[in-house]
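Input: a single structure, listed below in structure tokens.
The values are calculated or read from the model by the stated rules, or taken from the named source; none is laboratory data. Source: prediction; values computed, not measured. Don't worry about glycine lacking a Cβ; one is built from the backbone with ideal geometry, like all the others, and counts go over all protein chains shown.
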């Protein structure tokens, strides 16, 4: 479909979604929320698409968060808050807990507020050395309702997270890597090539195994203990799908025959986590 505020490009098995309101540093308003929801729905449902890359238009910003000027000018005003979010949460991703396909944030500049929350909702984060992160909502009398208050402590620990949340301070890309929410920092010029390298590495792997691995990690972290996670993983839908998949047999067979494996995409047909137990 045609989009007005995002750009969607499909190349081979990779969907790239670019937030495209560079005149406002790719800030998000309700129409962009809706488009992101639709584009991510399409990615999840497309059996041929295995990896999604989220990035921003231009070199200044990945996403500066919510468009407060738009909200202030609208009937609902800033106070509409979460009511303006789509079904899968902020940016169509913050509450998309059932997506088992990998999502990479290619952070090309500022990622503040909701922009940072989108980054935190991604599986991998590749950042330009000019990228800046933060949750400055308290500076405008708001709080981070798009998952940032929950994801940041889980990803970097309580005290470092509160140091960012309670001060509104900005964090550079290098510090983000030290804290652990950034996987790799590169120059702006090398960002696209580096993301391509990461996606190529993922695409070498079995799609069934990749999706099962992501599901097992996230569901395991929600278990009361490591022992519970390891005991229960055999009941996870993704784990069972992997055991029953052709890839489970194809991988060892290809290794023994010294050839490249021919992976199936059966599990990728929905790209959604089976939460049955």
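Does residue 47 qualify as being outside the structural domain of residue 222 (by TED's automatic domain parsing), within 22 Å of residue 237 (Cα to Cα) and in contact with a helix residue (DSSP H, G or I) (Cβ under 6 Å, 6 or more places away or on another chain)? The answer is yes for residue 47.
Being surrounded by fewer than 15 Cβ atoms within 10 Å (Cβ to Cβ) and outside any helix (DSSP H, G or I), is that true of even one residue in the range 227-242? No: the range 227-242 contains no residue that is surrounded by fewer than 15 Cβ atoms within 10 Å (Cβ to Cβ) and outside any helix (DSSP H, G or I). Scan the range 155-199 for residues that are without any contact (Cβ under 8 Å) to a residue 40 or more places away in the chain, part of a helix (DSSP H, G or I) and over 21 Å from residue 66 (Cβ atoms) and the total you get is 15.
Consider residue 126 carefully, then state whether it is in contact with a helix residue (DSSP H, G or I) (Cβ under 9 Å, 6 or more places away or on another chain) and under 17 Å from residue 63 (Cα atoms). For residue 126, the condition - in contact with a helix residue (DSSP H, G or I) (Cβ under 9 Å, 6 or more places away or on another chain) and under 17 Å from residue 63 (Cα atoms) - is met.
Based on this model, can you work out whether residue 143 counts as in the same structural domain as residue 84 (by TED's automatic domain parsing) and within 16 Å of the chain's Cα centre (by Cα)?
Values: in the same structural domain as residue 84 (by TED's automatic domain parsing): yes; within 16 Å of the chain's Cα centre (by Cα): no.
So residue 143 fails the test.
Each residue in the range 200-211 was checked for being surrounded by 14 or more Cβ atoms within 10 Å (Cβ to Cβ) and not in a helix (DSSP H, G or I), and 2 pass. Taking residue 35, is it under 30 Å from residue 237 (Cα atoms) and either free of Cβ contacts under 8 Å to residues at least 60 places away in the same chain or not assigned by TED's automatic domain parsing to the domain that holds residue 140 (or both)? Spelling it out, residue 35 is indeed under 30 Å from residue 237 (Cα atoms) and either free of Cβ contacts under 8 Å to residues at least 60 places away in the same chain or not assigned by TED's automatic domain parsing to the domain that holds residue 140 (or both).
Considering only residues that are free of Cβ contacts under 8 Å to residues at least 40 places away in the same chain and over 19 Å from residue 86 (Cα atoms), look in the range 138-148 and name the one that is surrounded by the most Cβ atoms within 10 Å (Cβ to Cβ).
Of everything passing the filter in the range 138-148, 138 is surrounded by the most Cβ atoms within 10 Å (Cβ to Cβ).
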